[in-house]
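Each remark here refers to the structure printed beneath this line.
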Amino acid sequence: MDEPIPVTRDVDHGTAKLMPDVDRERAWLLTVDGAPQSYVDLDEPTHLEFEYTRRLGHVLDTVAEPGRALNVLHLGGGALTLPRYVAATRPGSRQDVVEADRGLLALIDEHLPLPSGSGVTLHAADARHWIEAAAPDSADILIADVFGGSRVPAHLTSTAYARAAERVLRPDGIYLANLADAAPFAFLRSQLATFSTVFEELALIAEPGVLRGRRFGNAVLVASHGPFDTAALSRRTAADAFPARVEHGAALRSFVAGAVPVGDEDAVPSPEPPGGSFHIG
């Protein structure tokens with residue numbers, strides 16, 4: 001069999017590269033403008049390589065009984081790592097993926113196509129515009145993993161956006177977001193304050209070194225109207241090959257204290273990561 005070769009293509013928002021993993025036969029890394037965006041193993045879609053995707057996977061595994069089909073909305077597509085994961089772990093799920101970069105969608109469809117019958121529908125559209133027009137109460141899970149370059153776009157950080165996301169979710173739905181920040185966590189704290197205006201229950205999942213302010217890194221926001229199983233989530237994230245901590249309740253309220261919700265008029269993108277490799281989305 002021919003050795004897989006890297007693919008480079010100019011897409012709408014930069015230069016995308018697909019690079020084969022020498023250690024896994026049909027696994028690929030997607031970068032855009034040099035920043036790692038996605039990792040996918042076509043033979044083993046349940047393999048999650050990046051730390052933050054593993055944490056999102058833990059939430060997906062604990063929010064409903066194993067194998068139950070869900071309606072999942074993904075804002076941000078990349079190489080469709082999590083849609084493939086949900087299709088494999090929750091057969092029969094209906095999933096929508098909203099990705100603003102039409103050229104990136106075409107690249108992935110050509111080189112890393114979804115299996116037939118995956119139940120995944122792709123939409124080339126701006127994430128906020130799409131959810132503002134989407135049917136209300138239509139998703140069990142909404143996963144926001146949107147980065148413009150290496151930053152979360154400003155229009156996906158405001159209270160108006162949070163309300164639009166909440167409108168799409170069913171009453172018992174879960175909102176998840178991949179965010180990134182470093183001490184003193186002005187962006188992360190503002191996002192928690194913003195989503196607390198819409199959702200009663202919040203949790204934050206991150207590597208302890210990030211939470212202690214030692215380095216810039218990803219943090220997964222979990223938000224809902226009703227309680228979710230933070231104990232099971234904490235056990236899974238602590239036992240992972242890349243251990244993380246789940247902050248919730250009083251500890252999280254203390255972390256957020258003094259932060260102000262963000263309106264559209266004063267929304268800003270997430271901070272630029274420092275130089276070096278960083279998995280953004």
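Which residues, taken from region 14-46, are within 17 Å of Pro273 (Cβ to Cβ) and surrounded by fewer than 17 Cβ atoms within 10 Å (Cβ to Cβ)?
Those that are within 17 Å of Pro273 (Cβ to Cβ) and surrounded by fewer than 17 Cβ atoms within 10 Å (Cβ to Cβ): Asp33, Gly34.
Quick check on my filter: what residues within region 113-156 are among the polar types (S, T, N, Q) and over 14 Å from the mean Cα position of the chain (by Cα)?
Ser116, Ser118, Thr121, Ser138
Do we find that Leu29 is closer than 30 Å to Pro91 by Cβ and more than 19 Å from the chain's Cα centre (by Cα) in this structure?
Here the answer is no, as Leu29 does not meet what is asked.
Can you list residue pairs whose Cβ atoms sit under 8 Å apart, with the first residue in region 190-213 being closer than 17 Å to Ala239 by Cα and the second being in a strand (DSSP E or B) and open to solvent by 30 Å² or more (accessible area, probe 1.4 Å)? Count only pairs 6 or more apart in sequence or on different chains.
Leu204/Glu247; Leu204/His248; Ile205/Arg245; Ile205/Glu247; Ala206/Arg245; Ala206/Glu247; Glu207/Arg245; Pro208/Arg245
Quick one: Glu49 ticks every box in (1) in contact (Cβ under 8 Å) with a residue 60 or more places away in the chain; (2) open to solvent by 40 Å² or more (accessible area, probe 1.4 Å); (3) under 18 Å from the mean Cα position of the chain (by Cα) except a single one, so which number is it?
(1)
State all residues of region 52-80 that are in a helix (DSSP H, G or I) and either small (Gly, Ala, Ser) or touching a Gly at 6+ places or on another chain (Cβ under 8 Å) (or both); if no residue qualifies, say none.
Answer for region 52-80, where residues must be in a helix (DSSP H, G or I) and either small (Gly, Ala, Ser) or touching a Gly at 6+ places or on another chain (Cβ under 8 Å) (or both): just Gly57.
I want to confirm something. Restricting to region 212-228 and keeping residues that are assigned to a strand (DSSP E or B) and of a type outside the set (Gly, Ala, Ser), which single residue is farthest from Phe185 (Cα to Cα)?
Val222
Just checking, how many residues over region 229-274 are open to solvent by 60 Å² or more (accessible area, probe 1.4 Å), over 21 Å from Gly209 (Cα atoms) and not in a helix (DSSP H, G or I)?
4
Taking region 53-81 on its own, how many of its residues are open to solvent by 20 Å² or more (accessible area, probe 1.4 Å), in contact with a Leu (Cβ under 9 Å, 6 or more places away or on another chain) and of a type in the set (A, V, I, L, M, F, W, C)?
Residues meeting the conditions: 1.
Those residues that are out of contact with any Asp or Glu (no Cβ under 8 Å at 6 or more places or on another chain) and modelled with pLDDT under 95, I need them from region 211-228; list them, please.
Listed by number, the residues that qualify are Arg212, Gly213, Arg214, Arg215.
The values are calculated or read from the model by the stated rules, or taken from the named source; none is laboratory data. Fair warning: this is a prediction, and the values are worked out from it, not measured in the lab. Glycine also receives a Cβ, built like all others from the backbone with ideal geometry; neighbour counts cover every protein chain displayed. Surface accessibility is based on the protein's heavy atoms, side chains included, excluding ligands, DNA and RNA. Shrake-Rupley method; radii C 1.70, N 1.55, O 1.52, S 1.80 Å.
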